[in-house]
Structure formats: structure tokens, C-alpha cells
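Novice: Sending over a structure as C-alpha cells; questions will come in a sec.
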Amino acid sequence: MEHQRDDWSQADAGLPDLTAGEVVDLMQTVLSDELDHPELWAAIPDYVAALPTIVAEVQARLDCAGGAERPSLLILLAMCGAALGQPKLMLETLSPLAARHSQSPLVQGALFHLRGVLDPGNPKYRLAGKICTKPFEQVDVLENSTHLCCASWLRTSVGDMNAGDWRAVWNSAEAQAIRESIHDGSYRFCNKSACPYIQSDALVPAEALREQSAFWRDLLDAAATTVNRGPRVVNLAYDRTCNLSCPSCRTERFAADEQLREKFDALQRDTILPLLEHARLVFVTGSGDPFASKNFRRLMKELTPEAYPDLRFQIMTNGMLFTPQQWAEFPSLHRRVAMLKISVDAAAGPTHELLRRGARWPVVTRNMAFAGELLAAGEIDNFELVFTVQQENYREMGDAVDLAKTIGARQIWFGRITNWGTFGDEEYRRKAVFLPDHPEHRDFLIAAADPRLRDPMVIEGDLEEFFAPAARAA
Ligand code: SF4
């Protein structure tokens, strides 16, 4: 995949001979791929003497810019303003873009950069020299696209697995460009505000990774962008079939029709089953519910320990169908589930049934308790509750920790609600209580200071910036 970094490097060398208009043209060309360009943000302060004329040029273009051009111009203005000594004001100026462009690596990367300027001692803002292992180990298979990480954090597709050649997708040009961005520390394809690994500074220093194995040492020494072995982790997220229609995910219930089921049958037979021979962990599912999908049910039964002795499962469910009877139907899962996740998003019935449209709280609580029994009996290795924070449920975050303990989960994960395209901008802004300009943001901060959220069982996901200050104050 081509991107425009080199154009800036050329401008960089010859900047004194360029007019402000030519410099802004070049910057806009660089940003036209809508990816993050931290090398550009880092270079801007070097030209501080030229910045007032560049700012005037950007401002003039903004006055007559159409909607598509405005975000990149506003970002350029903000980066010049930050270099001229106003990073806090510039962050406030850019913040309204956060909700409207919640999936944009460019906008979220620019906000991440400005937050880093304001918090220079915080190591999470320094990505160079740290390695995210996911793009070298994982694929997420969606209905018509494939990603090297969760598609809501890394939306660039590396190809379509329906074409039948998983090796071509795994090492496609797009896959290689993404891996290059990990090696060079730009992480330009990643949504830096949404990624919990970046937000919690969980990326591994390259030196430490080198020590882990010859595989990593060789890969890092060569800055390799192709990976010769298959993905170790495969997230199956192509079938959206679900027994519920949660408002955060979809507007109405969805079940694959016969034609779509036949397409998934072919995908599973021709691509997924061969691919999983190389994998160590399979996620079912990030797209719907594994027990509601005929395709996933069949696949889980086919993945027997005899045929796939090295494979383990991560199961993600809304919990409504996770009954003892269903569990008995899937012997292939027994003692092979590394992680069971039940996505609950509430600690009380009314909120749960509002956010899990079609669910019944008494059934889910009974099934969660059954999952706790499986964990206690050693039938599964781990059990996590998942809580996606939004305006309707943030007041129940502390109670959800108590709930997790009561039903016997080992951990509870909190994360921000993502706009998967289900919401309009205004609706997402109303839900995104973690945004600083949300009318209930102060109440959210009070809820985030609940001491129960400092429990070691809590995984703070991409809410670390709100939970961690409370932890430090404890
Ligand atoms: S979004 Fe985060 S987890 Fe995904 S590849 Fe980028 S750094 Fe890794």
C-alpha cells in the first residue's frame, strides 16, 4: 500500500524554497490517506519561523473548505498552534471532532499526539520501540474483509478470505504496510484513542520481545513485514446472527438467510478449517452470538480435540443461550475454553434489558452463575464479564464489580462504547459520556472514582485514563 510519508520528507528538505501554499498542499497530500502521521507532527515545530504564514494559509483554506477537507485542515491548524505554544487550546479546539470521527486514525492520532504534548512524562504516548504483536499473530475474519486486529481499532482491511487463499490475505500488501507501521513506531493505521493496548501502555518493548523467542528476534532484526507461519489467533466475526438486537450493535434482529449460510459454509470449509490448523486460539465470536448461529454451532462441533489438538477457544456470548443443556451439546468445548466472556453491560435488570434488547435478566443471571460454576470446577480456564460503558449504564460500573464477584467471574472488562455505524453523530455524542463535553461527564468521573473499580479483577480497557487517576489517589 502506498502512503505519502516520502512527500513530506522531500518538503522537509526543501521547505525554505516552498511557498506557504505549496507546504500546505504537501501536508494535505500526506494526510489524504486519512491515516495518522506522527512524523509530520514531530517535524512541524522545526519550522516555527514559517508557521505564522502557514497558519494564515490554512485559515484561508478553512474559510472556504468543504466538509471532507475540514478535518485535515483543522488538524494542521491545531498542530501549528501547538508548535506555537498553545497545545491545550488546540486540544480543546480539536476535541469536537472526536465523536464525529470516532473511527478515524487521523483524527484520533492527532488528539493522541496533543494529549502527549500536554503529558510528556506519560510513557503511553511514546510508541517508538514498542511492538504490538497482534498484526503478526492475529486475523479477524469479517463477512467481506479481514483485519489484523479488532476492526474497530484497526479498520484497514487486508483482503477478503472468501477468495479462498488465506496465505495471500495474511501477507497482502496492506498487511505488510500495517506491520511496517508497527516497526517504524508510527502505528498510523491504529485508532490510538480506542486501542486499549495503547491506552494502557501495554505494548511490549522490542528488546523484551527479542528475548522471548527466536521467532521474534529474527522478525524484529529483519523488520519483517511478511510472516511465514499462519496466524496464531483467529477471530471469527463474519456471521452477525444473534438472538438479540442490542442498540449498540444493530437496529433490528438479524439471522443469516439460507444463501448467506451457504456462503459461510463454503468459507468455513475452504478457508477457516485449513487456517485453524495453524492457530492456537479461536474467538467465537465478535459479530453475533456463537450459540445463535447455525454456522458457528457446526464449526465449534467440527473443531474436535482429535482434529485440532493445539486449538483452544475464546467464547463471547450475550449469555441468554449459555445454559447447561447447550453446554452439554458441545463436548468439543469442554476443558478447551481458555476464556468465556459474557457481555452484560449492566448490573441490574432494567438497564440490562434496555441495552440487551430481547434479553431477560433472570435467565442471564442464572446462566452467568452456571458459567461461574464451570470456572470453579475447572471446566473452563477463565470467565470474564464485559461492560461497555455508555450514558445508560455508567452509574452501575461499581455494582457490576460486585455482580462479577457474586456470580463467580474471575475478571470484568470495561470499555468505551464504539460507534459501529449504528448511531448518528448526535446519538453517539449522547451516549459517549466519557467525552469531556458530555453534559454528564462530571457524574461519570465521580462514578469512575468508585473504589470498587480499583479491584484487581477490573480490566480498565480504553478507560484507563479515567480509572487510573482514581487508582493513584487511593
Ligand atoms: S489497534 Fe492496538 S491492538 Fe490493534 S494493532 Fe494497533 S496497537 Fe495493536
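Novice: If you wrap a convex hull around the alpha carbons of segment 2-120, what volume per residue comes out, as a whole number of Å³?
Specialist: 101 Å³
Novice: If you don't mind, another one. Using 0.36 nm per residue, how much length does the chain from residue 338 to residue 62 gain when fully extended, once their Cα-Cα distance is taken away?
Specialist: Full-extension gain reported as 94.2 nm.
Novice: Can you tell me how segment 264-395 classifies by the Cα gyration tensor, rounded, prolate or oblate, using a/c under 1.5 as the rounded cut?
Specialist: Numbers: a/c = 2.14, a/b = 1.68, b/c = 1.28.
Prolate shape, in that a/c is at least 1.5 and a/b is the bigger ratio.
Novice: Say the cut-off is 22 Å between C-alpha atoms; which of 134/301; 88/124; 130/341; 88/130; 88/192 go over it?
Specialist: In this structure, 134/301; 130/341; 88/130 exceed 22 Å between Cα atoms.
Novice: Using only Cα atoms, figure out Rg for the chain and give it as a multiple of 2.2 N^0.38 Å.
Specialist: Values: Rg = 23.3 Å, N = 474, 2.2 N^0.38 = 22.9 Å.
Its radius of gyration relative to the 2.2 N^0.38 Å reference: 1.02.
Novice: Now, a different point. Hey, could you pull the Cα Rg and Dmax for segment 339-464, both in Å?
Specialist: Values for segment 339-464 (Cα only, Rg and Dmax): 14.7, 46 Å.
Novice: Find out how many positive minus negative residues lie around residue 70, taking Lys and Arg as positive, Asp and Glu as negative, among other residues whose Cβ is under 11 Å from that of residue 70. Provide the component values of the computation, followed by the final result.
Specialist: Values: positive: 61, 100; negative: 63, 69.
Charge balance near residue 70 sits at 0.
Novice: Taking Cα atoms, how many degrees apart are the long axis of helix 20-31 and the longest axis of the chain, rounded to 10 and kept between 0 and 90?
Specialist: It works out to around 10 degrees.
Novice: With a point put 7 Å past each Cα toward its Cβ, work out how far residue 19 is from residue 302 in nm, to one decimal.
Specialist: Modelled inter-label distance: 6.3 nm.
Novice: So if we plug the beta-carbon distance of residue 34 and residue 440 into 1/(1 + (r/R0)^6) with R0 = 30 Å, what FRET efficiency do we get, rounded to 0.05?
Specialist: Working from the Cβ atoms, E equals 0.45.
Novice: Let me have the 222 nm mean residue ellipticity of the chain computed from DSSP H runs of 4+ only, each contributing -39500 (n - 2.57), with the sum over all residues rounded to the nearest 500. Mind showing how you got there, number by number?
Specialist: Values: 24 runs with 207 residues, N = 474.
Mean residue ellipticity at 222 nm (helix-derived): -12000 deg cm²/dmol.
Novice: Percent of Cα-Cα pairs per 5 Å bin, from 0 to the last occupied bin, for segment 191-285, please list those.
Specialist: Final binned percentages: 3, 10, 12, 14, 17, 16, 12, 8, 7, 3, 0.
Novice: In units of 2.2 N^0.38 Å, what is the alpha-carbon radius of gyration of segment 232-473?
Specialist: Segment 232-473 yields a ratio of 1.04.
Novice: Label points 7 Å out from Cα along the Cβ direction at residue 363 and residue 165: separation in nm?
Specialist: 4.5 nm
Novice: Right, here's the next one. Return the long-range amide H neighbours of residue 389 (sequence gap of 5 or more, or a different chain), with a cut-off of under 5 Å between placed amide H atoms.
Specialist: 415, 416, 417
Novice: I've got another one for you. Arrange the following residues from fewest to most other Cβ atoms within 10 Å of their Cβ: 166, 420, 327.
Specialist: Details: 166 23, 420 13, 327 19.
Ranking 166, 420, 327 by Cβ neighbours within 10 Å, fewest first, gives 420, 327, 166.
Novice: Moving on to the next point. Gain in length, residue 228 to residue 353, computed as 0.36 nm per residue apart minus the alpha-carbon separation, to one decimal in nm?
Specialist: Details: separation 125, 0.36 × 125 = 45.00 nm, distance 4.62 nm.
Answer, rounded to one decimal: 40.4 nm.
Novice: Find how much the distance from residue 457 to residue 373 grows on full extension, using 0.36 nm per residue of separation minus their present alpha carbon separation; answer in nm with one decimal.
Specialist: Computed gain between residue 457 and residue 373 is 28.5 nm.
Novice: Would you tally the net charge around residue 54, using a Cβ to Cβ cut-off of less than 13 Å, leaving residue 54 out, and scoring K and R as +1, D and E as -1?
Specialist: Charge balance in the 13 Å sphere: -3.
The numbers here are math on the coordinates, done by the rules we state, and not lab data. It should be emphasised that the depicted structure is a prediction, and the values quoted were computed from it without experimental measurement. Methodologically, a virtual Cβ is constructed for each residue, glycine included, from the backbone with ideal geometry; neighbour enumeration extends over all protein chains shown.
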